[in-house]
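The structure appears right after this line, and notes come after that.
We did not get these values from a lab; they are worked out from the coordinates using the rules stated. Keep in mind the model is a prediction, meaning the values are calculated, not measured. Heads up, the Cβs are rebuilt from the backbone with ideal geometry, glycines too, and the neighbour counts pull from every protein chain shown.
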Amino acid sequence: MPDPRTASLGAQTSITVISDVICPWCYIGKTHLEAAIASLPDELDVRVDWKHFELNPDMPAGGMSRRDYRSAKFGSWERSRQLDAQVEEAARQAGIEIHHERMARTPNTFAAHRLIWWAGRQGVQPAVVDALFRAYFVEGRDIGQPEVLADVAASAGLASPAVAAFLAGEEGIAEVRDDLARVRRLGVSGVPTFVFADRHALSGAQPPEVMREAILEALEG
C-alpha cells in the first residue's frame, strides 16, 4: 500500500553518500539505497552526491597484495577469508555479487576518488560509481591503475582519452583532498555514511526500509 505521507511531501531532496570504492559495505549500502529510492513515487526527485573517504590513506600509490594487506590487518589470511564470507553472504541477500577470490591487489583509491569528482562535473557520477564498484567487487580489477580507471569510465559513458588526460593532470587533486579533510573534521570515521538533506545521517549499510524512512523524513522538510 502506498505511504500516505508521500502526498504532502516536498518534491526534491538530496543525499550525500560518503564512501570508498573498495568498501564492500558501501557497495551493499548503495544497493539498499537504490532499493529505497525505487520504492518512492516517481514524481519525487532524490538526488545523490558521492563524497570521498579513504579506508587506507597510507596505502602505497601502486597498492599492494591483498593477501599481504589483509593478513597483516586481521592477523591471518584465514581470518580475512572468514570476514570475506560474511560480506559475500550479506551481498547475496542484497541481490549483488562480490568475488573476493578475483581480487589480487588492494589499490590506493585516491585516483578513483578524483574520477568520481570529475564524473560529477560531467553529469555521470552515479554511472561511474556503479562501474567502479562492479569493476572491483565483481571483476576483481585493480582500480588504482589509470588504464583500468579509463576503461571503467568508458563503460559509464566517458571517453577514455579524456579520462586518461584528466588523470595525468592535476585537476581535482586539491578538491578531493579538501573533501577528505572536511569529512575528517566532521568526525566521520567509518563508511558508508549517508547524510540526508544536510540534516541527519545514517552510518552503515542500513536496510532499504530504514533508508526509505530517512528519505521520507528529509522530504518532509
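Ranking Phe74, Ala127, Phe194 by how far each Cα lies toward the positive end of the dipole of region 11-220 (charges on Cβ) leaves Phe74 at the top. For region 11-220, averaging the sequence separation of C-alpha pairs within contact (under 8 Å, six or more residues apart) and dividing by the residue count gives a relative contact order of 33 percent.
Beta bridges assigned by DSSP with both partners in region 11-220 are antiparallel in approximately 55 percent of cases. Sorting 105-118, 192-205, 136-149 by average packing, meaning the other beta carbons within 10 Å per residue, from highest down gives 105-118, 136-149, 192-205. Note on the chain: percent of Cα-Cα distances in each 10 Å bin, starting at 0 and stopping at the bin with the largest distance, equals 8, 32, 36, 19, 5, 0. Computed per residue of the chain from DSSP H runs no shorter than four, each worth -39500 (n - 2.57), the mean residue ellipticity at 222 nm is -16000 deg cm²/dmol.
In the Gaussian network model of the chain, springs joining C-alpha atoms below 10 Å, which of Ala104, Ala168, Ala85 carries the largest mean-square fluctuation? Looking only at Ala104, Ala168, Ala85, the biggest GNM fluctuation is shown by Ala168. For Val138, the residues whose amide H sits under 5 Å from its own are His99, ignoring neighbours fewer than 5 places away on the same chain, with H placed 1.01 Å from N. Hey, got the dipole for the chain? About the Cα centre, +1 on K and R Cβ, -1 on D and E Cβ, debye to the nearest 20? The calculation lands at about 600 debye. Measuring between their Cα centroids, region 138-161 and region 59-118 lie 17 Å from each other. Of the residues Trp25, Thr13, Gly157, the one whose Cα sits farthest towards the positive end of the charge dipole of the chain is Trp25 (charges of +1 on Lys and Arg Cβ, -1 on Asp and Glu Cβ, taken about the Cα centre). Just checking the listed ones, Glu54, Glu34, Glu170: in the Gaussian network model of the chain with Cα springs under 10 Å, the one fluctuating most is Glu170.
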